[in-house]
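*Asks:* Got a structure here, written out as structure tokens. Questions coming.
The values are calculated or read from the model by the stated rules, or taken from the named source; none is laboratory data. Nothing here was measured: the structure is a model prediction, and the numbers come from that model. Cβ coordinates were reconstructed from backbone atoms using ideal geometry, including for glycine residues, and neighbour counts include every protein chain displayed. The area values use the complete protein model at the heavy-atom level, side chains included, leaving out ligands, DNA and RNA. Shrake-Rupley method; radii C 1.70, N 1.55, O 1.52, S 1.80 Å.
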Amino acid sequence: MAKLETIDASVQPEGAGGKKTAGRPKKKTFKKRGEKRIIHHGYAHIHASFNNTTITITDPEGNVVAWSSAGGIGFKGSRKGTPFAATQAAIACGNAAKAFGMRSVEVRVKGPGAGRESAIRALQTIGIDVKSIRDVTPIPHNGCRPPKRRRV
């Protein structure tokens, strides 16, 4: 009569290295979606308020390529509105855009903040060619609202 052997699940066959792999999912591997976009020309939108400076670089269709702000870099409080903070934000944003192959930009500046000129100058110093500069700050055409009349 033949012997029946019981197989223990905890015993690994030789050459398995002693590691248990049963029940563990494999690590996910991500495939690249395709070629990296190369954008030669774009628009730099600089929003300079009294409290912060934000730089956004887009392609000609309006899709955001890179963006940065003085607060996002690490400046806090009143130092976010300084020209130095705007310079640092523009350098960070410009370097991210240069990774996409950005060579030239048209600058659109909005707001009354102190970082307007220094952000443009910083884009030029890192090697991005500034083709034109346009001020797109909204201006009311009918003046400010008059004060409310109160009876005396």
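*Asks:* Might you check whether a residue that is in a loop (DSSP other than H, G, I, E, B), touching an Asp or Glu at 6+ places or on another chain (Cβ under 6 Å) and closer than 13 Å to Val105 by Cβ occurs anywhere in segment 35-43?
*Replies:* yes
*Asks:* Could you run through segment 103-127 and say how many residues are in contact (Cβ under 8 Å) with a residue 60 or more places away in the chain and assigned to a helix (DSSP H, G or I)?
*Replies:* Counting residues in segment 103-127 that are in contact (Cβ under 8 Å) with a residue 60 or more places away in the chain and assigned to a helix (DSSP H, G or I) gives 4.
*Asks:* When the residues of segment 84-116 are filtered to those that are open to solvent by 60 Å² or more (accessible area, probe 1.4 Å) and more than 16 Å from Ile57 (Cα to Cα), which remaining residue is nearest to the chain's Cα centre (by Cα)?
*Replies:* So, considering only residues that are open to solvent by 60 Å² or more (accessible area, probe 1.4 Å) and more than 16 Å from Ile57 (Cα to Cα), the one nearest to the chain's Cα centre (by Cα) is Phe84.
*Asks:* Among the numbered criteria (1) over 16 Å from the mean Cα position of the chain (by Cα); (2) closer than 22 Å to His40 by Cα, which one does Arg151 miss?
*Replies:* Only one criterion is unmet by Arg151, namely (2).
*Asks:* Got a number for residues in segment 128-148 being part of a loop (DSSP other than H, G, I, E, B) and either open to solvent by 50 Å² or more (accessible area, probe 1.4 Å) or in contact with a Pro (Cβ under 6 Å, 6 or more places away or on another chain) (or both)?
*Replies:* Counting residues in segment 128-148 that are part of a loop (DSSP other than H, G, I, E, B) and either open to solvent by 50 Å² or more (accessible area, probe 1.4 Å) or in contact with a Pro (Cβ under 6 Å, 6 or more places away or on another chain) (or both) gives 11.
*Asks:* Just checking, how many residues over segment 59-81 are among the hydroxyl-bearing types (Ser, Thr, Tyr) and at pLDDT 95 or above?
*Replies:* 2
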